Amino acid sequence: MKKIAAHLLQMSIAGVTFIAAGLPSAAHAGSFNCYAAHGGYCQYVGTVKRLYVNESNLILVYFDSPYDTSLLATAGITGVTANDSGAYGIVANATFAEYLYSTLLTAKTANRQVVMQFRGTTASRIKIDKIWLD
């Protein structure tokens with residue numbers, strides 16, 4: 001019985017080590033860049049720090065680190081005061097909002113990296129218009 005318990009303990013430790021080795025390191029902050037091409041857009045590649053929906057019908061996603069708001073000028077985006085998150089108004093397109101939240105929740109739960117693109121602003125944040133799991 002003791003041998004079985006010891007073996008299970010070793011397997012558990014090995015499994016945790018294996019899983020942890022595949023997770024992104026907290027030392028690698030996400031990247032945020034803006035581009036003038038295609039009408040101007042910004043892109044974030046990184047993990048989802050926090051995700052929620054509020055009663056104002058906004059999906060808010062917080063990045064793993066804030067970005068430099070001076071980058072937004074390259075894309076022609078103005079009016080952003082919150083440099084740690086992006087947003088999407090559910091009433092703008094409920095179907096997209098459902099898929100967006102589902103994808104963000106999957107990324108957050110699995111600690112997977114996402115790529116998001118932004119055009120414009122909503123609620124003083126950059127407005128999400130594309131997402132995919134990396």
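Tabulated results
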item	result
Where labels lie 7 Å past Cα in the beta-carbon direction, separation of Tyr62 and Ala82 in nm	1.0
For the stretch 51-134, radius of gyration divided by Kirkwood radius, i.e. Rg to Rh on alpha-carbons	0.94
Label zone at Asn54 (point 7 Å along Cα-to-Cβ), backbone N below 13 Å, the stretch 85-109	85-90
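Values in this text are rule-based calculations from the coordinates and carry no lab data. Note that the coordinates shown come from a computational prediction; the quantities given were computed from them, not determined experimentally. With ideal geometry, Cβ positions are generated from the backbone for all residues, glycine too; neighbour counts draw on all protein chains shown.
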